[in-house]
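S.K.: Dropping the structure in here first, questions after.
The values are calculated or read from the model by the stated rules, or taken from the named source; none is laboratory data. Source: prediction; values computed, not measured. Neighbour counts run over all protein chains shown; Cβ positions are idealised from the backbone, glycine included. In case anyone asks, the SASA skips ligands and DNA or RNA and just uses the protein heavy atoms, side chains included. Shrake-Rupley method; radii C 1.70, N 1.55, O 1.52, S 1.80 Å.
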Amino acid sequence: MPLSPADLDLVRGSVRADSVHRRVYTDPAIFALEQRHLFRNTWMFLGHDSQVPNAGDFYSVDIAGEPLLMLRQADGSVKVLYNRCLHKGAKLVRAESGNAGRYLRCPYHAWTYHTDGSLAGIPFKAGYEGTRIVDCPERTGMDEVHHVRLYRGFVFVRLAEQGIGFDEFFGESLSSIDNLADRSPEGELEFAGGVLRYMHDCNWKPFIENLHDTMHPMVAHEAAAGTAKRLWSQQPPGGKPPMAVELLTPFVEGHEFFDKMGIKVYPNGHSYTGVNFSIHSKYSDVPGYEESMVRRYGDERAHAILGEVRHNTLYFPNLTIKGAIQAIRVVRPIAADRTLIESWTFRLKGAPDLLLERTCMYTRLINAPTSMVGHDDLHCYRSIQEGLASSAHDWVSLHRNYRPDEDVTSTAVVNGTSELSMRRMYQSWLQYMTCDSAWEAAP
Ligand code: FES
Ligand SMILES: [Fe+2]
């Protein structure tokens with residue numbers, strides 16, 4: 001069903017070139033429209049294929065309110081099915097992950113399915129003879145998500161039957177995933193170290209805006225990062241800083257540092273910070289790593305890969321990656337004021353273990369429920385959510401470095417404290433909330 005004229009007006013009236021209406025963060029009706037349109041028309045990150053290494057392995061997750069199941073097939077391919085029994089609708093799998101063996105068996109009446117979703121058996125089937133249930137075309141198997149794309153192990157889905165293709169949607173922004181995977185001397189990644197999940201009692205968009213909000217670290221993170229910096233400055237000079245100090249102290253670099261870092265913006269709301277350098281640029285070498293990269297890629301290519309130290313990449317709307325630290329954060333919107341953030345860490349296949357140790361430490365220190373940095377942001381997001389409940393002023397500023405004639409479609413590099421990436425993100429939000437495929441594909 002297409003957006004009603006009233007919904008169209010609501011959505012279109014919520015975004016200006018240089019600001020957004022507070023209701024995009026607070027209104028449950030807007031969130032319902034995001035579930036039905038934005039999260040179906042865009043390519044959403046589902047998971048990584050290293051989560052399902054063996055035939056029969058599954059991983060279940062909700063996207064746009066739909067329970068989905070990623071399943072490794074016997075031929076090595078990956079399918080994504082709707083996690084719903086054809087009989088009465090029970091979820092076939094309640095666990096987050098596991099191995100189904102050769103069949104999925106519904107826990108309610110034991111209808112069984114092959115792992116490709118086709119129906120394998122119905123108990124006491126004779127009672128259905130002569131009814132339509134066994135020969136309706138739609139009853140031959142579990143529903144499948146048809147638009148699934150694996151890119152360097154990252155699994156994306158587009159739930160709308162019609163819409164923009166994967167390559168067109170992400171375009172050159174895929175270079176951040178390439179750089180992350182290329183950092184493995186074997187060119188492959190695998191999730192390692194588990195996942196850290198933390199619930200945010202706020203809308204999902206302040207989180208992704210924050211990725212490129214380089215005006216905040218030296219303010220919001222002064223307590224933790226500034227303390228680490230001061231403590232280390234009191235040590236005798238010339239020593240090697242501990243890993244934790246090395247990871248924390250760049251958060252209190254000045255405005256000029258972040259401005260010079262640069263932001264690259266792409267079409268469709270994707271972007272990354274750290275075009276010229278980033279907070280990850282000065283980490284200590286990991287013994288043996290550079291040598292293993294040179295052996296694999298040759299001197300020039302290895303140093304080109306390691307010379308890219310991008311800060312945060314946003315794959316609009318639900319994936320954020322940190323190539324230089326081999327970690328990702330996944331946005332799982334739940335309600336207008338409720339968002340689950342997942343922090344996953346990668347092992348670079350063929351790289352020294354110390355790299356994974358650094359990745360895990362970074363995530364624990366910066367991007368976890370127990371972290372010394374991420375909770376500063378969460379505190380501010382919650383504060384935004386409460387502040388925007390006020391009707392005193394309806395519009396939220398995206399003005400920094402705004403020019404009325406700015407290009408809102410082409411790839412561009414701008415100064416690192418510009419809010420161009422946020423403005424682009426909201427133009428993309430507007431486009432995929434209202435695009436033609438939404439009219440045709442929404443149920
Ligand atoms: S609901 Fe699945 S077998 Fe009945
Ligand atoms: Fe932050």
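S.K.: In this structure, is Gly130 more than 16 Å from ligand 2 (Cβ to nearest atom) and either part of a strand (DSSP E or B) or assigned by TED's automatic domain parsing to the domain that holds Gly194 (or both)?
M.R.: no
Every residue, every condition in (1) among the charged types (D, E, K, R); (2) open to solvent by less than 20 Å² (accessible area, probe 1.4 Å), yes or no:
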residue	(1), (2)
Phe154	no, yes
Glu161	yes, no
Glu172	yes, no
Ser184	no, yes
Glu188	yes, no
Met199	no, no
Cys202	no, yes
Asn210	no, no
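S.K.: Another question about this same structure. Does region 48-61 contain any residue that is within 16 Å of ligand 1 (Cβ to nearest atom), small (Gly, Ala, Ser), open to solvent by less than 50 Å² (accessible area, probe 1.4 Å) and not in a loop (DSSP other than H, G, I, E, B)?
M.R.: Checked against the condition, which is being within 16 Å of ligand 1 (Cβ to nearest atom), small (Gly, Ala, Ser), open to solvent by less than 50 Å² (accessible area, probe 1.4 Å) and not in a loop (DSSP other than H, G, I, E, B), region 48-61 yields at least one hit.
S.K.: Okay, next question. Pick from Glu138, Glu144, Glu168: which is open to solvent by 50 Å² or more (accessible area, probe 1.4 Å), farther than 19 Å from Ile328 by Cβ, modelled with pLDDT under 95 and outside the structural domain of Met425 (by TED's automatic domain parsing)?
M.R.: Glu138
S.K.: Here's another thing I want to ask about it. If I go through region 251-281 residue by residue, how many of them are over 21 Å from the mean Cα position of the chain (by Cα) and open to solvent by 10 Å² or more (accessible area, probe 1.4 Å)?
M.R.: Looking only at that region, the number is 12.
S.K.: A further question follows. Any residue in region 82-89 that is in a strand (DSSP E or B) and either in contact with a Leu (Cβ under 6 Å, 6 or more places away or on another chain) or away from ligand 1 (no atom under 16 Å from the Cβ) (or both)?
M.R.: no
S.K.: Same structure, new question: Residue pairs, Cβ under 8 Å, 6 or more apart or interchain, first in region 106-120 and on the phi > 0 side of the Ramachandran plot, second open to solvent by 30 Å² or more (accessible area, probe 1.4 Å) and not acidic (Asp, Glu). List them.
M.R.: Final answer for the pair search is Ala110/Pro123; Gly117/Lys79.
S.K.: Can you name the condition, by its number, that Val309 falls short on among (1) touching a helix residue (DSSP H, G or I) at 6+ places or on another chain (Cβ under 6 Å); (2) on the phi > 0 side of the Ramachandran plot?
M.R.: Only one criterion is unmet by Val309, namely (2).
S.K.: Quick one: which strands (runs of 3 or more DSSP E) lie wholly within region 284-391 and hold at least 3 residues that are at pLDDT 95 or above and surrounded by fewer than 23 Cβ atoms within 10 Å (Cβ to Cβ)?
M.R.: Working: elements: 313-315, 319-322, 327-335, 338-348.
Correct list: 327-335, 338-348.
S.K.: Something else about it: If we keep just the residues of region 90-117 that are within 16 Å of ligand 1 (Cβ to nearest atom), open to solvent by 40 Å² or more (accessible area, probe 1.4 Å) and over 27 Å from the mean Cα position of the chain (by Cα), which is nearest to Thr140 (Cα to Cα)?
M.R.: His114
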